[in-house]
1. Return V96, V203, V150, V4 ranked ascending by Cβ neighbour count within 10 Å, so the fewest neighbours appear first.
2. Would you list V2, V126 from fewest to most Cβ contacts within 10 Å?
3. Once the Cα atoms of the range 44-277 are picked out, what are the Rg and Dmax in Å?
4. Within the range 44-277, what percent of beta bridges assigned by DSSP are antiparallel, to the nearest 5?
5. What list of ³J(HN,Hα) couplings, whole Hz, do you get for the range 225-236 from phi and the Karplus terms 6.51, -1.76, 1.60, once you set θ to phi - 60° and write x for glycine and proline?
6. Among R85, R195, which comes first, then next, by fewest other beta-carbon atoms within 10 Å?
7. When only Cα pairs under 8 Å and 6 or more residues apart are kept, what is the percent relative contact order across the chain?
8. R0 = 35 Å: FRET efficiency of I377 with R5, Cβ-based, nearest 0.05?
Amino acid sequence: MVVVRFVLRVLGGCVGAVLLFGVALYLHSEWYSFTPGVPFSGNRLYNPYEGAALDRGFLANFHAHSACWGGLTNGKGTPEEVRNRYAALGYDFFAVSNYQRIDTTAAPGLHTYEHGWGVQKTHQLVIGGSEVTWLDFPYFQNEHQKQTLVHRIRRANPRAVLVAAHPALRGGYTAEDLALIEGFDAVEALSRMHRSVALWDEVLSSGTYLPTIGNDDCHDIFKQGETGRFGTYVLSGNPGADATLAALRSGRCFVVEFPVTKDTSAVAQRRLVTQPLPLESIHTGENFVEVVAKEPLAHFWAFTDNGDTLLHIQDQDTVRVLLPAHASYVRFQAQTQDGRTLYTNPIARTSGGKPQREGAARFDLGKTILYRSAAGIAWGCLAALFFRLLNGKRPHSFRPQMADRVPDRHRRPAPPRIVGA
């Protein structure tokens, strides 16, 4: 029994120490004043594809995992096996984005890792990173903690493209979060792990311009259906680091979703992945957008604010979409005759250039000091309670102490009361 109590005390001490360490990390959180955005407006249209040949780019997957950290994280295979798999499928670029570890064997300047080790799936994909940020808030995160992490990662990797990974997965990010938080370059609205397209439309409708990328987010390259599902077609002209990062920031890319077919062999998948894309150009005029394809598209959709459908047509190779006065942006989705689905980035109203929201999140020193002071006091109380329990002492009770009371049998009888004669 003594041994069991000792083991339980040791285990309890370890668990308590880990929990206390996690709580202590919240002392690093900063506090911000956020400025809500307003829908895109202006007499011009920002078109990231203007003048670009849409069939001249390269297909990339920026999000895949291998075995890492001694098998503690979710991933199978070596980084070399992951790269060989994507090379066999016909992808032009492929990154291994393990948790908290940069794969330096990838293309120079495009080293990638996934930040985040907490309970929630509030993760960030760092493309072109050079330094791992270890701070995280493991139990829960509000918009202030999320903004703190974005600023920390951005300071450590100033040239990297910072992506909100699978935002709708387990509530990692809400549309309100991404509409307020400053510092992201893109959002991963499409991946095998989770589709966040509806959330993406909410963010765009709020006036925050975030292009999307799409990735497999593969965790097991040996499992059927985990690879060759999504890709990001980058229109940078060449796969060099600077050109690629600039294309991702500007939205000069689109997502390709590959269909699940009966023939799941690598040869069949490669044939589908390496098929030329049918889109030829996307031009803008005064209040309209024209999309030209090399062949009739099986389906073509135009979506605007809050994901409302502006247009859906079939079997057309040229489409002209008029923007209503109330529409602040338009984005397109097209399905090819062989079942591939293409997702473009938004064409948005602007007064000039890419819509920007500078100063949307401002560091508030006063509130940060108040928050850290209160959090420090709370943590100190928790630590004191933990160590008291660890030493086998119970917390003080607020009930009156009865130790000094004399048992009734030892009390002297009260003197008789004398009644006056």
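Each value in this text was obtained by applying a stated rule to the coordinates, not by laboratory testing. Model, not experiment: these values are computed from the prediction. Note that each Cβ is placed from the backbone with ideal geometry, even for glycine, and that neighbours are counted across all protein chains shown.
1. Lowest to highest Cβ neighbour count: V4, V150, V203, V96.
2. Details: V2 6, V126 26.
Fewest-to-most ranking of V2, V126: V2, V126.
3. When restricted to Cα atoms, the range 44-277 yields Rg and Dmax of 16.7, 53 Å.
4. Values: 17 of 27 bridges.
Antiparallel bridges: around 65 percent, rounded to the nearest 5.
5. After applying 6.51 cos²θ - 1.76 cosθ + 1.60, I find x, 8, 10, x, 9, 9, x, 10, 8, 9, 9, 9 Hz.
6. Values: R85 21, R195 16.
Listed from fewest to most nearby Cβ atoms, that is R195, R85.
7. Working: 868 pairs, mean separation 84.0, N = 421.
Worked out over the chain, it gives 20 percent.
8. On the way: r = 32 Å, r/R0 = 0.92.
Calculated value: 0.60.
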